[in-house]
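Peer 1: I'd like to ask you about the structure that follows.
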Amino acid sequence: MVVGPGALRPLVKKIAATGARRVVVIADAAVAAGPAAALGAALESAGVATTTLTVPSGERAKSAAEVVHLWEALAEIPADRATHVVAVGGGVVGDLAGFVAATFVRGLPVWQVPTTLVAQVDSSIGGKTGINLAAGKNLVGAFWQPLGVACDADTLATLPDREYRSGLAEVVKYGVILDAELFAWLEAHAEKVLARDTAAVSRMVVRCVDLKARVVEEDEQERTGLRAILNYGHTVGHALETLAGYGTLLHGEAVAIGMTAAARIALATGRWGVEPARRQASLLARFDLPLAAPRGLPPIAAADILSAMVRDKKTLHGKVRFVLPTAIGRVEIADDVDAAIVGQVVADLLS
Ligand SMILES: NC(=O)c1ccc[n+]([C@@H]2O[C@H](COP(=O)([O-])OP(=O)(O)OC[C@H]3O[C@@H](n4cnc5c(N)ncnc54)[C@H](O)[C@@H]3O)[C@@H](O)[C@H]2O)c1
Ligand SMILES: [Zn+2]
């Protein structure tokens with residue numbers, strides 16, 4: 001794991017040191033000319049033959065068709081077990097290239113170079129890879145751990161503002177579920193974070209990577225339930241994201257609304273107080289994230305959100321599980337929340 005400005009240089013050294021005969025860089029079109037090209041050139045100068053395959057930007061690239069396309073491109077090179085894959089892009093390319101690496105010739109070593117905030121603090125860590133089907137997001141996939149992850153804060157400079165702020169929702173999430181100190185640090189350094197100050201962003205990313213890695217280490221394959229705490233804000237968030245139509249609300253925006261829902265449920269069930277709920281709301285607002293369904297969204301009924309939550313693939317035996325905060329930095333899992341409370345909170349957020 002390498003985090004910090006200039007993180008690509010040590011990555012090249014590490015890859016070269018493995019004796020990899022060839023590298024296939026799979027890059028999002030948005031970063032093909034920037035970080036991906038720089039990485040390709042650096043690998044070549046380190047004596048590693050490099051081929052770059054470019055993938056169109058956007059969630060639609062996480063498809064079976066794109067997987068076949070990449071498998072065929074790898075076969076044509078031809079790639080073999082001494083070929084390493086390096087994913088350069090956001091969560092879409094990380095998930096897609098990771099899945100292609102997990103499956104081609106039964107597994108090629110993969111490295112992740114995340115270039116969105118979501119990918120740096122979340123999707124590149126933990127080894128989950130996969131693609132979407134028409135029937136649902138992330139329905140096909142594999143656990144495939146990368147050999148290494150390189151997060152360079154400077155690669156975020158070109159990221160659209162809305163994408164960057166969407167990633168901040170996941171950062172706030174780590175603070176609420178695990179790390180009161182990170183939360184307080186975000187409150188104190190919000191300006192620098194919003195300005196994408198390299199030192200501040202690197203520090204924030206290191207902390208999040210560490211928190212996620214610790215959770216994943218203890219529950220790599222999602223068996224003990226510990227990993228479930230990472231779903232804070234995602235129960236209502238996912239349902240809202242799906243019902244609004246993908247792309248209408250960015251994932252982090254839906255999660256911000258979902259965290260607000262969870263905070264209100266925690267308040268209504270006596271788990272935490274008004275003050276931590278206010279701090280969460282004010283930090284999210286500071287990052288210009290929505291606390292309720294924004295105007296202009298197609299009309300969604302609370303009942304539709306409730307049934308989408310029951311259908312979610314993370315729901316067990318029809319019981320909706322909520323991750324609810326009990327303090328800033330601490331959460332518990334509840335699967336017995338009164339449906340009337342959930343219904344009321346969701347209706348309030350939609351009105
Ligand atoms: N595997 C996991 O554990 C995990 C966790 C969270 C999310 N995900 C997945 O991640 C995906 C979302 O990731 P995302 O938010 O990074 O989306 P994304 O990969 O679509 O990137 C967002 C947008 O930013 C562009 N982009 C990427 N890097 C850029 C840069 N440096 N400069 C300018 N533009 C850039 C992309 O082209 C895209 O348009 C979803 O498919 C989600 O399912 C996976
Ligand atoms: Zn998320």
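Peer 1: Condition (residue is touching a helix residue (DSSP H, G or I) at 6+ places or on another chain (Cβ under 6 Å), under 18 Å from S124 (Cα atoms), part of a strand (DSSP E or B) and not aliphatic (A, V, I, L, M)) applied to region 61-69: is it met by at least one residue?
Peer 2: For region 61-69, residues touching a helix residue (DSSP H, G or I) at 6+ places or on another chain (Cβ under 6 Å), under 18 Å from S124 (Cα atoms), part of a strand (DSSP E or B) and not aliphatic (A, V, I, L, M): absent.
Peer 1: Of everything in region 255-265 that's crowded, with 23+ Cβ neighbours inside 10 Å and under 16 Å from A285 (Cβ atoms), which residue is farthest from ligand 1 (Cβ to nearest atom)?
Peer 2: Filtering first and then ranking leaves A263.
Peer 1: Tell me which residues, restricted to region 243-261, are in contact (Cβ under 8 Å) with a residue 60 or more places away in the chain and away from ligand 2 (no atom under 13 Å from the Cβ).
Peer 2: Across region 243-261, the qualifying residues are L243, Y246, G247, T260, A261.
Peer 1: Now a separate question. Residue under question is R106, and the condition is that it be outside the structural domain of H234 (by TED's automatic domain parsing) and not aliphatic (A, V, I, L, M); does it hold?
Peer 2: On the way: outside the structural domain of H234 (by TED's automatic domain parsing): yes; not aliphatic (A, V, I, L, M): yes.
Taking the combined requirement at face value, the residue satisfies it.
Peer 1: With within 16 Å of ligand 2 (Cβ to nearest atom) and of a type outside the set (A, V, I, L, M) as the only criterion, which of T103, T116, T83 stands out?
Peer 2: T116
Peer 1: Among the residues of region 163-180, is any crowded, with 23+ Cβ neighbours inside 10 Å and more than 16 Å from ligand 2 (Cβ to nearest atom)?
Peer 2: No; the residues of region 163-180 include none that is crowded, with 23+ Cβ neighbours inside 10 Å and more than 16 Å from ligand 2 (Cβ to nearest atom).
Peer 1: Does region 95-114 hold any residues that are open to solvent by less than 10 Å² (accessible area, probe 1.4 Å) and within 9 Å of ligand 1 (Cβ to nearest atom), and which are they?
Peer 2: Within region 95-114, L96, G98, P114 meet the criteria.
Peer 1: Then there is this: Only residues that are more than 12 Å from ligand 1 (Cβ to nearest atom) and either crowded, with 24+ Cβ neighbours inside 10 Å or over 27 Å from the mean Cα position of the chain (by Cα) (or both): list them for region 27-41, please.
Peer 2: Residues satisfying the conditions are L39, A41.
The values are calculated or read from the model by the stated rules, or taken from the named source; none is laboratory data. Every value quoted in this text rests on a predicted model; they were computed, and no experiment measured them. Neighbour counts are summed over all protein chains in view; Cβ atoms, including those assigned to glycine, are modelled from backbone coordinates with ideal geometry. For accessibility, only protein heavy atoms count, side chains too; no ligands or nucleic acids. Shrake-Rupley method; radii C 1.70, N 1.55, O 1.52, S 1.80 Å.
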